[in-house]
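Structure record follows, encoded as structure tokens.
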Amino acid sequence: MISNLLLEAKELIAINSTPDYGTQEISELIVKILQGMGATIKIQRYEINGIQNQNILAKFGPDFDGGLLLSSSIETVDPGDPYNWKITDCDPFNLVVKGDNIYGLGTSSGKLDWLCMVEAARSISNRKFKKPFYILATSGEHYGLVGAKIFTESKIAKPQFGIAGGPTGLKLAYSSKGYIGFRFILRDTIGREPKAGKSLFRLVINGKPAHSSVPSMGDNAIEKAFGVISDGNRIGDNIDIVSIYGGDQINKVPDRCTIDILGSLDTADRLSKKNIQIEQITRIIAGSSLNNILDAVLYIYNSFKKTVSSLTPKTNSNFDPPEIVYNFGIIHMISDKLLIGFDVRLLPENDHNILLKWLETTMEEINKRYSGVECEAELEFNAQPMMVNRGSDIITLSMNALRDINEEPVLTTSPFLSEALIYNQAGIESIIFGSGTLQGGVYQPDESNSIARLNKSIEFYRTIIQKFCT
């Protein structure tokens, strides 16, 4: 990995492009990096939840349809508690190189996938191209692949083939699981006051973050909190829960959940003996009781798990992990409403309609079963599995490119959702490829990548551009 690329990587990693900040600032750097490479640059601006985001499209070569699209998301997830980022000195936006490893938020996919594509193009930018190729930086991957959808719907480019960046470890992913994301919003219209004479204390439940496609790599703090709530009446005190907050994205295993409880100090002492952290104890009365709403939340949680367990088949050995997986990623108290968000990754053979029906009937059941609780439910995203024929032209082209750089081509499947799905739906035959791995800490502190694999990735992109476009 050449030194100037490391400098650009350091600049990219240093910019906060989490969903709360958007991608306007990093887009300015991306345009700066692309200048002088002979590309035609187009910018697509849009808002996600009121935050400014952008797609940056760089076109090389002649002005006609067809050619090759190289695409990668430039946003990242929230890094969580900076203190957990030990190798980067408690700063997730600080790029650190140690031996063959490079550390920082966005190193295992996304930002560095895009930079590898650019470096490949830079090294051959003085060539004459017979077909166009495009490098696309997108946003909104974590909000239903918004950026990829805006790009394809705009028809500002019509490439024939596509490669979407993703942590595949230099393998070619031709298939991905199906994906459904859910949100429920609950409100108790009665406004139940907690009983007087209690103390307020906060329970802190810690977990371990991970990508929701591989939840076993993490430890879900919200699900642990559900266990605490379920046990509440057995703790030995008539408690009132007045607030709960955990997680930041439905596709990320939450590493922290807090529960504010009104109860006796004896209750706090009993909980502390259950290895639950008591962050603070304040002798005040605050908030309305959420007990009734949380009973409804537990109903949703248990009903969802039961429905998922009824799906068949339960495993498919072509995927890793081979089973259906789900993740409860968000529980937020917002004013007088409680929001929960969760997702599920389905096998190609599973019927999505079973869960869509469950969503509808569960909302109706909550409104009937729990007096005073109003429930709204929405489908955040519903994506069918992606499947590209193993004998397709893009796979043959990619396998030959890997052989040319002395890398044995390996076909694989992806447990995670990718922009390649959107491109395939738009008629752009696409696969997933990248240098990072899920085991490299995607969505985890001290996320990392291998410099050797990054160099191989650059070689791959350079070779496939030369094979198809020159």
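The values are calculated or read from the model by the stated rules, or taken from the named source; none is laboratory data. Everything numeric here is computed off the predicted structure, so don't read it as measured data. Counting neighbours? That spans all protein chains shown, and the Cβs are built from the backbone with ideal geometry, glycine included.
A count restricted to segment 43-86 and to residues that are closer than 13 Å to THR138 by Cβ, in contact (Cβ under 8 Å) with a residue 40 or more places away in the chain and part of a strand (DSSP E or B) stands at 14. Could you identify the single residue in GLY140, GLY191, GLY144 that is surrounded by fewer than 17 Cβ atoms within 10 Å (Cβ to Cβ), of a type outside the set (Phe, Trp, Tyr) and modelled with pLDDT under 95? After ruling out the rest, the residue left standing is GLY191.
Looking at segment 320-337, which of its residues are at pLDDT 95 or above and under 18 Å from GLY191 (Cα atoms)? Result: HIS332, single match.
Yes/no matrix, rows are residues, columns are (1) among the basic types (Lys, Arg); (2) at negative phi:
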{"site": "ILE48", "(1), (2)": "no, yes"}
{"site": "GLY61", "(1), (2)": "no, no"}
{"site": "GLU75", "(1), (2)": "no, yes"}
{"site": "TYR83", "(1), (2)": "no, yes"}
{"site": "ASN94", "(1), (2)": "no, yes"}
{"site": "LYS98", "(1), (2)": "yes, yes"}
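Could you look through segment 371-396, keep only residues that are surrounded by 18 or more Cβ atoms within 10 Å (Cβ to Cβ) and more than 23 Å from GLY178 (Cα to Cα), and pick out the one that is nearest to the chain's Cα centre (by Cα)? Checking each candidate, the answer is CYS375. Checked against (1) farther than 30 Å from ASP404 by Cα; (2) of a type outside the set (A, V, I, L, M, F, W, C); (3) crowded, with 23+ Cβ neighbours inside 10 Å, SER176 passes all but a single condition, namely (1). Please indicate, with yes or no, whether at least one residue in segment 25-37 is over 14 Å from TRP114 (Cα atoms), surrounded by fewer than 19 Cβ atoms within 10 Å (Cβ to Cβ), touching a helix residue (DSSP H, G or I) at 6+ places or on another chain (Cβ under 7 Å) and assigned by TED's automatic domain parsing to the domain that holds THR76. Yes - at least one qualifying residue is present in segment 25-37.
Does TYR443 qualify as being assigned by TED's automatic domain parsing to the domain that holds ASN126 and either of a type in the set (D, E, K, R) or modelled with pLDDT of 95 or more (or both)? The answer is no for TYR443. Of the residues in segment 454-470, none is surrounded by fewer than 17 Cβ atoms within 10 Å (Cβ to Cβ), under 29 Å from LEU356 (Cα atoms) and polar (S, T, N, Q). Filtering segment 194-231 to residues that are modelled with pLDDT under 90, surrounded by fewer than 20 Cβ atoms within 10 Å (Cβ to Cβ) and either polar (S, T, N, Q) or under 30 Å from ASN367 (Cα atoms) (or both) leaves LYS195, ALA196, SER199, ARG202, GLY227, VAL228, SER230, ASP231.
Within segment 259-279, if we keep just the residues that are surrounded by fewer than 19 Cβ atoms within 10 Å (Cβ to Cβ) and in a strand (DSSP E or B), the residue that is modelled with the highest pLDDT turns out to be GLN277. Every test in (1) in contact with a strand residue (DSSP E or B) (Cβ under 8 Å, 6 or more places away or on another chain); (2) within 24 Å of SER435 (Cα to Cα); (3) of a type outside the set (Gly, Ala, Ser) is passed by ASP20 save one, and that test is (2). Quick check, is LYS171 over 18 Å from the mean Cα position of the chain (by Cα), on the phi > 0 side of the Ramachandran plot and in the same structural domain as SER418 (by TED's automatic domain parsing)? Judged against the criteria, LYS171 is not a match.
In this entry, LYS131 passes the filter for residues that are buried (at least 16 other Cβ atoms within 10 Å of the Cβ) and out of contact with any Lys or Arg (no Cβ under 8 Å at 6 or more places or on another chain). None of GLU407, GLU349 is within 27 Å of GLY104 (Cα to Cα) and over 20 Å from the mean Cα position of the chain (by Cα) except GLU407. The sole residue among SER125, SER109 that is touching a residue at least 12 places away in the same chain (Cβ under 8 Å), surrounded by fewer than 24 Cβ atoms within 10 Å (Cβ to Cβ), in the same structural domain as GLN35 (by TED's automatic domain parsing) and outside any strand (DSSP E or B) is SER125.
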